[in-house]
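Notes follow the structure.
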Amino acid sequence: MTGREKADILFLVIKDYKSSVKEAVKRLKGTDIFCYCGIVIFACMGENLDYNSAAVIFLMFFGAVISRMYPCRLEKTLLLCPLTREEKMQYVKTGYLLKVFMPLFIYILSGIAWMILKAASPFYLLIVGIWMFFFLSCANIYSSPEPGGAFFNEKSGAFEYEAWHIANAFLGVAEMFGVFYLPETAYMDLSDYCFVILVTVLHGLLAFGMRKRFYLRLMEGAVQYENNY
């Protein structure tokens with residue numbers, strides 16, 4: 001597929017997402033996103049709340065919301081369109097990348113401003129950016145969580161899939177609290193470094209595992225009508 005064709009697919013994804021906002025909001029009902037709402041509200045009540053931390057937490061939460069609003073699958077109209085399998089696959093993969101990198105792009109722009117204003121150190125911004133990438137990469141490996149959906153036809157497979165997402169949620173919560181309580185400009189102490197290394201390694205392993213176990217199965221199931229509806 002040429003670069004022009006990939007660009008056309010990207011614009012098609014953006015157009016479809018914009019035109020289906022109301023339906024996408026309805027998809028939030030019954031998902032795990034409401035667990036994050038309480039966590040974010042509780043975290044924002046902390047004493048260390050500032051603009052930088054609140055912005056990072058909002059972007060992570062926003063990324064989790066759009067992953068549930070737009071699961072990795074094709075709508076009925078696209079499944080029935082005369083698109084080739086390659087084009088359908090490219091559509092789903094483009095949607096995945098868009099949902100991962102859109103919040104990250106906003107974060108990078110904000111991070112540049114924070115460095116110019118000396119509101120955060122480059123090391124702090126790098127660590128938080130890595131956390132956000134791992135979190136969004138895992139959160140967007142998502143489609144229909146119920147047995148018999150786009151992923152699995154057996155309950156054991158659906159349970160395993162949910163367990164990995166629960167682990168991603170717990171690590172995301174740890175990172176949200178880390179964003180608040182790690183020093184943004186001052187030097188970290190030994191306990192801070194230990195926390196950063198532990199959470200980063202665990203989330204990196206989780207992201208690698210989810211990518212290896214579920215990503216291709218998600219993409220292949222997403223382009224098949226019978227697996228989605």
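The values are calculated or read from the model by the stated rules, or taken from the named source; none is laboratory data. Model, not experiment: these values are computed from the prediction. We place every Cβ from the backbone using ideal geometry, glycine too, and count neighbours over all the protein chains shown. Accessible surface areas use protein heavy atoms only, side chains included; no ligands, DNA or RNA. Shrake-Rupley method; radii C 1.70, N 1.55, O 1.52, S 1.80 Å.
With the other protein chains left in place, how much accessible area per residue, in square angstrom, belongs to the stretch 90-142 at a 1.4 angstrom probe?
On the way: 2190 Å² over 53 residues.
Each residue of the stretch 90-142 exposes 41 Å² on average to a 1.4 Å probe.
Order the peptides 210-222, 183-195 from the highest to the lowest mean number of other Cβ atoms within 10 Å of their residues. Write out the running numbers ahead of the final one.
Values: 210-222: 17.3, 183-195: 12.2.
Peptide ranking by packing, descending: 210-222, 183-195.
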